[in-house]
Amino acid sequence: QVQLVESGGGLVQAGGSLRLSCAASGRTFSNYPMGWFRQAPGKEREFVARINWSAGSTYYADSVKGRFTISRDNAKNTVYLQMNSLKPEDTAVYYCAADLPPYSSGYATQRVYEYWGQGTQVTVSS
């Protein structure tokens, strides 16, 4: 099995930045596609970003495009989410997830990700 542990969340003012980290263990991190999702109180969990086998293949929700950057360091078994120009509406619990083989289409849907972290809270004050 794969265990994912997020870190780096916290409280920031609007316009500030945070970098989230997701450390993987249990199985070889390899080149699994990885995603970030978030869930605000009273709302459904939504897709934020994804990075494929190639670091150049990334995908973002329209709401974060241009502000967030997903990256990975396979040698450290870690995926990152750099969040800039944060807005109060970015407040949520952020989860990282791993997409293991066999792969299927639908990178923005929860069902394609087999393993999930426990989440880290991000709060953006106005």
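The values are calculated or read from the model by the stated rules, or taken from the named source; none is laboratory data. On a predicted model such as this, the values are computed, not experimentally measured, just so you know. Cβ sites come from the backbone with ideal geometry, for glycine too, and all protein chains shown count toward neighbours. Heavy atoms of the whole protein, side chains included, go into the accessibility calculation; ligands, DNA and RNA do not. Shrake-Rupley method; radii C 1.70, N 1.55, O 1.52, S 1.80 Å.
Full-extension gain between Ala61 and Glu89, please, as 0.36 nm times their residue separation minus the C-alpha to C-alpha distance. It would help to have the intermediate numbers written out before the result.
Working: separation 28, 0.36 × 28 = 10.08 nm, distance 1.36 nm.
Result for the pair: 8.7 nm of gain on full extension.
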message: How big is the dipole moment of the range 12-77 about its Cα centre under a simple scheme where the beta carbon of each Lys and Arg is +1, that of each Asp and Glu is -1, and everything else is neutral? Debye, nearest 20, please.
response: 100
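For the range 41-126, what does the accessible surface come to per residue with a 1.4 Å probe? Please give it in Å². List each step's numbers first, then the result.
On the way: 4450 Å² over 86 residues.
Solvent-accessible surface per residue comes out at 52 Å².
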message: I want to check the label-to-label distance for Ser71 and Thr109. Put each point 7 Å from Cα in the C-beta direction and report it in nm to one decimal.
response: 3.2
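If R₀ is 35 angstrom, what is the calculated FRET efficiency for the pair Ser54 and Gln13, using the beta carbon separation as r and rounding to 0.05?
Values: r = 35 Å, r/R0 = 0.99.
For R0 = 35 Å, the calculated efficiency reads 0.50.
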message: Using a Cα-Cα cut-off of under 23 Å, which lysines could be cross-linked to Lys87, ignoring same-chain neighbours fewer than 8 residues away?
response: Lys43, Lys65
query: Can you pull out the chymotrypsin sites (Phe, Trp or Tyr not before Pro) in the range 79-126 that DSSP calls coil and that have at most 14 other Cβ atoms within 10 Å?
result: Tyr103
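About the Cα centre of the chain, what is the dipole size in debye to 20, counting +1 per Lys and Arg Cβ and -1 per Asp and Glu Cβ, all else neutral?
On the way: 12 positive and 9 negative charges, 25 e Å.
It comes to approximately 120 debye.
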message: Counting other C-beta atoms within 10 Å, and keeping those with at most 10, which DSSP coil GluC sites (Glu not before Pro) do you find in the range 1-69?
response: Glu44
- prompt: Carbon and sulfur together cover what percent of the accessible area of the range 62-119 at a 1.4 Å probe radius?
  reply: 49
